[in-house]
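First comes the structure, then the notes that go with it.
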Amino acid sequence: MSNQSSYRVIRELSEIQRNTDLSLAVAFRDSDVRNVKALIIGPPETPYEFGFFEFSVKFPEEYPEKAPLVTAKTTNGGRCRFNPNIYAGGKVCLSILGTWRGERGEEWSSAQGLESILISIQSLMSPNPYENEPGFENANSSEDKKAQAQYVAKIRHETLRISIIQRLEDYMGIHSDGVVDDFPALEESGEPRSEYDVEPTPPAFEPFKDLSKRRFLWYYDSYLKSIDEAEKEVKPNQNFTTMPFEGGGNTMPGKFNYPELRRRLQLIHAVLYREIDYWAEEGALQVRKDTTIASQLGRQFQQIVEAYKKNDMVTLDLDLVDSNPFVWLLTYFGRPMTNLDGGMFRIKIAISPRFPEEQPRVIFETKMFHHRVSKNGVLCYFPKRPDELKYHIEAIVEAIEDTDPPYDPRTLVNPEASKLFWGSADDKKLYSRQLRRAVQRSMEE
């Protein structure tokens, strides 16, 4: 790959990584910029909602004169065709990729790039993907409408089972029988390595692992809501319906089993919370060992505490839980003359010893009714600089206090609160009343 081509790829990747689009992510090894991993998070209000769909992207030597090769990786080992244009074998049919015949002007040009490819793939994940199949664009008979509903139903089920549950189970060491691998044992001291020691196997390149975990916690309530609604429409162990355009191994076979999906989701959620407790144990060990990361977090904590002592605009307290710099307790006092006035909310900030590669988990310990706070207390927020904790504190306060955020369904982590917040004038009043009740309860606890 020429230097000019490499610079083009690096520039495109950097632009996507800096982008505020919550549904796209890309990553690559520094030693190999030609081979890229991409993640598309399924669009809201579609059967792909909040699923994690991974693709590999290989840039040719001739890029950008020639389109990259894009392969779907979320296929259940080549057994699941998630879309008429996304095959079980990984082929992605798009005219701009040269994998499908298109109209004049739809073919690849050097003016396009990776982001336009990913957005094009994302556009295939529509509320009615049935019509993506050539010849079915205008299928509107009663039989077609029945088939469309059946197709949407099985895509929704497999989005939950394959793209979300299987991915998180692999990350968390959860086996099909429900057995969960133990977290690594913590050792107070280790023997020094010798020249005869075997080098440990480098970890697999899983750049979206932490992102998927955090988004799972954000969207957990939405996943459960989707199951509650979908299982009313099908019977347990009911077979999927084969579509007219499926066949030859390029299908989506299976059966509905929503009770089992709910059980697996709940187990993943529980293990993610165990991981947060494990981080605290790891952190306490880091303190006893007087490691660099423990010292750095301790210094950052003191600096942030001093900064907020001088800040008259925000009233909050910061403490360390059990003197552990990996577990912060933020007490937020509601700003006067707002719906939060008089409230006092305790918020735990759990920090991984691998920060910033693993981002903090921010959880309300005081019950809160807020469109950016899940029923389990997980806060959806966006630090301007994820590698500095002071920006996390700023973003936490901003997320709590923002009364007029731009509408983005990917940030709606509390379906009940979000429906009211973004609803009618009467809904908004009801939302404010529910928020005020949470504020009043916080003063009584």
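Near THR159, within a Cβ-to-Cβ distance under 12 Å, what is the net charge of the other residues, with Lys and Arg +1 and Asp and Glu -1? Neighbour charge sum, excluding THR159 itself: +2. As a calculated quantity, the FRET efficiency between TYR273 and ALA139 at R0 = 51 Å, using C-beta atoms, amounts to about 0.65. Beyond 32 Å between alpha-carbons counts as too far, so tell me which of LYS58/LYS384; LYS348/LYS428; LYS213/LYS367; LYS146/LYS375; LYS209/LYS310; LYS289/LYS390 fall in that bin. Result: LYS146/LYS375; LYS209/LYS310 exceed 32 Å. Near PRO360: Cβ cut-off under 10 Å, other residues only, Lys/Arg at +1 and Asp/Glu at -1. The net charge is +2. When MET337, MET243 are compared by accessible area of protein heavy atoms, the largest-first order is MET337, MET243, using a 1.4 Å probe. In this view, the solvent-accessible surface of ASP182, computed with a 1.4 Å probe and all protein chains in place, comes to about 140 Å². Among the protein heavy atoms, those of ARG81 account for about 10 Å² of accessible surface (1.4 Å probe, every chain in place). If you take the square roots of the eigenvalues of the alpha-carbon gyration tensor of the stretch 45-184 and sort them as a ≥ b ≥ c, do you get rounded (a/c under 1.5), prolate (a/b over b/c) or oblate? In terms of gyration-tensor shape, oblate.
For the stretch 388-417, applying the loop criterion from DSSP together with a ceiling of 11 other beta carbons within 10 Å to the GluC sites (Glu not before Pro) yields no site.
Out of the total accessible area of the stretch 343-445 (probe 1.4 Å, heavy atoms of protein only), what percent is carbon and sulfur? Its accessible area is 48 percent carbon and sulfur atoms.
Could you state how much accessible area THR315 has, in square angstrom rounded to the nearest 10, with a 1.4 Å probe and all protein chains kept in place? Estimated to the nearest 10 Å², THR315 gives 80 Å².
Where nothing but the Cβ of Lys and Arg (+1) and of Asp and Glu (-1) is charged, how large is the charge dipole of the chain around its Cα centre, in debye to the nearest 20? The dipole of the chain has a size of about 960 debye. Contact order for the chain, expressed relative to its length and based on alpha carbon pairs under 8 Å spaced 6+ residues apart, stands at 10 percent.
Residues SER176, SER163, SER109, sorted by accessible area with the largest first, give SER176, SER109, SER163 [1.4 Å probe; ligands and nucleic acids excluded].
Relative contact order of the stretch 1-113, please, whole-number percent, based on alpha carbon pairs below 8 angstrom and at least 6 residues apart. Working shown, then result.
Values: 186 pairs, mean separation 18.4, N = 113.
Relative contact order of the stretch 1-113: 16 percent.
For every other residue with a beta carbon closer than 15 angstrom to the beta carbon of ILE40, add +1 if it is Lys or Arg and -1 if Asp or Glu, then tell me the sum. Once positives and negatives cancel, what remains is +1.
Only the Cβ atoms of Lys and Arg (+1) and of Asp and Glu (-1) were treated as charged; on that basis the dipole of the stretch 340-445 about its Cα centre amounts to roughly 320 debye. The ellipsoid that matches the Cα gyration tensor of the stretch 228-318 has semi-axes, each √(5λ) in whole angstrom, of 51, 19, 15, with the longest given first. Per residue, the stretch 54-184 exposes 47 Å² of solvent-accessible protein surface, assessed with a 1.4 angstrom probe and all protein chains in place. If you line up the long axis of helix 389-401 against the longest principal axis of the chain, both from Cα atoms, how many degrees apart are they, to the nearest 10? The angle comes out near 80 degrees. Every helix of 4 or more DSSP H residues in the chain counts as -39500 (n - 2.57), and over all residues that averages to -12000 deg cm²/dmol at 222 nm. Taking a ≥ b ≥ c as the square roots of the Cα gyration tensor eigenvalues, with a/c under 1.5 meaning rounded and otherwise prolate when a/b beats b/c, else oblate, which class fits the stretch 213-252? Oblate shape, in that a/c is at least 1.5 and b/c is the bigger or equal ratio.
In the stretch 178-308, with Lys and Arg counted as +1 and Asp and Glu as -1 at Cβ, which of these residues, SER212, SER226, PHE183, has the Cα nearest the positive end of the dipole, that is, farthest along it? In the stretch 178-308, that residue is SER226. The 1.4 Å probe gives accessible areas that order VAL33, VAL287, VAL92, largest first, as VAL287, VAL33, VAL92.
Relative to the Cα centre, what is the charge dipole magnitude of the stretch 243-364, using +1 at the beta carbon of each Lys and Arg, -1 at the beta carbon of each Asp and Glu, and rounding to the nearest 20 debye? Could the numbers behind the result be given before it?
Details: 15 positive and 15 negative charges, 45 e Å.
Here the size comes out at about 220 debye.
Projecting the Cα positions of ASN239, SER116, GLY283 onto the charge dipole of the chain (unit charges on Cβ atoms of Lys, Arg, Asp and Glu, taken about the Cα centre) puts ASN239 furthest along the positive direction.
The values are calculated or read from the model by the stated rules, or taken from the named source; none is laboratory data. Keep in mind that this is a model prediction, so the values were computed, not measured. Cβ: placed from backbone, ideal geometry, glycine included. Neighbour counts: every protein chain shown. For accessibility, only protein heavy atoms count, side chains too; no ligands or nucleic acids. Shrake-Rupley method; radii C 1.70, N 1.55, O 1.52, S 1.80 Å.
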